[in-house]
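Report on one structure; see the data block that follows.
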Amino acid sequence: MYDLMIEGGLVVDGSGRPPAPADVGFRDDRIEAIGELSREPAGVRLSATGLVIAPGFIDVHSHSDFRLWANRRAESKIRQGVTTEVVGNCGFSPAPIAPEFKGELQSFAGFLARGLDWEWRSLGEYLRRFEAEGSAVNVIQLAGHGAIRIAAMGFARRPPTAQEQLRMERLLTSSLEEGAWGFSSGLIYAPGSYAETDELIALARIAREARGLYASHIRGEGVNLLTSVREAIRIGRESGVPVEVSHLKAAGRANWGKVAEALAVIDQGRREGQDVTADVYPYLASSTTLSALLPAWALENGIDAMVARLGLPEVRARIAAEVTSGLPGWENPAKNAGWDGIMIAACPGRPEIEGRHLADLAREAGQAPIELAMDLLRAERGRVAMILFQLGEDDLRKALGHPAVMIGSDGSALAPYGDLGGEKVHPRNYGTFPRVLGTYVRDEGLLPLEEAVRKMTGLPAQKLDLRDRGVIRVGAKADVTCFDPRLVSDRATYAEPHRYPIGIRHVIVNGRVVIRDGEHTGTLPGRVLRRESERPL
Ligand SMILES: [Zn+2]
């Protein structure tokens, strides 16, 4: 007697092996049997006729730790077939907190965060608070270097003192002991951008000790792409830590074509024995905070200091001059995307401009675009998000097709209701996984179905050393996504981003049915995954 049976599907097991017809039987939170099981009794039976039975997708690059508090049903993720999210990326995590720098951390992450009460200090405390109320998806937490640096030394724009470095190392050690799977950096964002490579290597050694990984939003994704990939690989080589290059891309038309070169650098590291991989989302626009347009010094001492600075005419003039003419070594997003290529995604105080391009808004206001950007950042205290149309299709295809590149949304669990649904967010929040399966596998034949599924399941599981997930195998955890390969498609667009995909029929998390015939059951079986319990010896 099985608790649950999925009947009559095509199993794509996550390893890259081709599809094979089978039924799958579940008991408790495990896969109990795979094969011809149609005469066996089961508590619940779900039909998978015409459907693929795949491992639940692992979103290796997510920011949902700042959104699941307000959306425990994880609507936009679970409806893509995602059953586990790796959160705490790009240097942003809601913990650890040092009380004296709590405000700095809150404003640092303000453009991402909704519904958090910030009533915790350590990462362990944070995770216990989070898991007490459950979530539809499993969560793997990374400790953000930005958060750790803020807790150790605020927003200081300089290398740490020996004592501050030690404080960072202790915070990372305790975070890893308390449930962090590794750590992440965001080297375009202050204060992560204030860190030199040696600071990161020392922290990476601690992650290595704990068998954790290092995921990096690298220092530059345009003109500095290759040196930035090399920096990430050097951090891995000198510390021994596995490296994940986050959301691989070449930003700015002048840099299109560089993804192939970046992949060659990654391949070289792999040939030399390093564990280095990357992830990608299937879109030609990126998205981040509007404050990323400013040179790093403008954010010194935090967002409040930035807001004050943006009120000073001489400082504004200097920022405007540097954004126009560039600074040595600084990757200028306004230059990469061009003002026509920047759209306001979220602006809580002026929702009417969400979805509008900065160049058009500036023209209407009779202002230079950088002046308008500074006005918005000042009025909204930094809480403005933008979308940058700056990526090339050939680069995207190179990344999607590479065997060491997995799929990561760089998005969060959102829902099209309440205060979650008004903004013109990036469609990746709703469409990443179905878009790969629909557009790039079925419609364009860029990669075989089983290879795309491996990039969403087996490959991230291997990277994370997550031994019982990301695979359909007897004894594995019952995280499963059933989808219709003829139908699966994203529906979210830049103009209408809050639209769920189609073709994702059933989603099982830890043996419980969360999506049944395309509808959310409301059940919240997700867990915070911890290395001790997920890596049986
Ligand atoms: Zn990032």
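Per-structure values
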read-out	value
Under the Karplus curve 6.51 cos²θ - 1.76 cosθ + 1.60, θ = phi - 60°, whole-Hz ³J(HN,Hα) for the range 318-327, x wherever Gly or Pro sits	5, 4, 4, 5, 6, 5, 6, 9, x, 10
Value of relative contact order over the range 389-530, rounded to a whole percent, pairs C-alpha under 8 Å and six or more apart	21
Mean residue ellipticity (222 nm) of the chain, computed from DSSP H runs ≥ 4 via -39,500 (n - 2.57), nearest 500	-9000 deg cm²/dmol
Listed pairs K102/K477; K398/K477; K77/K477; K102/K249; K335/K455; K398/K424 exceeding 30 Å between Cα atoms	K102/K477; K398/K477; K102/K249; K335/K455
Mean Cβ count within 10 Å, highest first, over the residues of peptides 229-242, 268-281	229-242, 268-281
Cα→Cβ-extended label distance, 7 Å offset, between A317 and T161, nm	3.7
Computed log₁₀ I(q)/I(0) - Debye formula, equal Cα scatterers, no solvent, the range 156-290, q 0.14, 0.15, 0.17, 0.21 Å⁻¹	-0.64, -0.73, -0.93, -1.29
For the range 79-94, Karplus couplings with θ = phi - 60° (6.51, -1.76, 1.60), whole Hz, Gly/Pro x	6, 8, x, 7, 10, 9, 10, 8, 10, x, 8, 6, x, 9, 8, x
Amide H contacts under 5 Å for G257, placed H, 5+ residues apart	D395
D (Stokes-Einstein, µm²/s), Kirkwood Cα radius, the chain, 0.890 mPa s at 25 °C	106
For D3, residues with placed amide H under 5 Å, excluding near neighbours	F26, R27, D28, G43
Protection proxy ranking, peptides 157-170, 54-67, 379-392, average beta carbon neighbours within 10 Å, highest first	54-67, 379-392, 157-170
Compactness of the range 66-116 - radius of gyration and Dmax, Cα, Å	12.6, 40
5 angstrom amide H check on S184, placed H, neighbours 5+ away	G91, A143, G144, H145, A215
Residues of the range 299-329 with amide N under 20 Å of a point placed 7 Å along Cα→Cβ from Q367	299, 303-325
Ranked list, fewest to most other Cβ atoms within 10 Å of each Cβ, for M1, M406	M1, M406
Spin-label model distance (nm) - A359 vs R378, 7 Å beyond Cα toward Cβ	2.5
Alpha carbon convex hull of the range 401-473, projected area averaged over orientations, nm²	6.2
Whole-number percent relative contact order across the chain, with pairs defined as alpha carbons under 8 Å at least 6 apart	21
For the range 480-487, Karplus couplings with θ = phi - 60° (6.51, -1.76, 1.60), whole Hz, Gly/Pro x	9, 10, 10, 9, 8, x, 7, 10
Separation in nanometres of the label points that stand 7 Å from Cα toward Cβ, at A33 and R499	4.3
Cα point-scatterer Debye curve for the range 207-355, base-10 log of I(q)/I(0) at q = 0.08, 0.14, 0.17 Å⁻¹	-0.29, -0.82, -1.07
Highest to lowest packing among 501-511, 19-29, scored as the average C-beta count within 10 Å	501-511, 19-29
nm² value of the averaged projected area, convex hull over the Cα atoms of the range 112-231	8.3
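FYI, it's all coordinate maths here, none of it is from the lab. Nothing here was measured: the structure is a model prediction, and the numbers come from that model. No Cβ is skipped: glycine too gets one built from the backbone with ideal geometry, and neighbour counts run over all protein chains shown.
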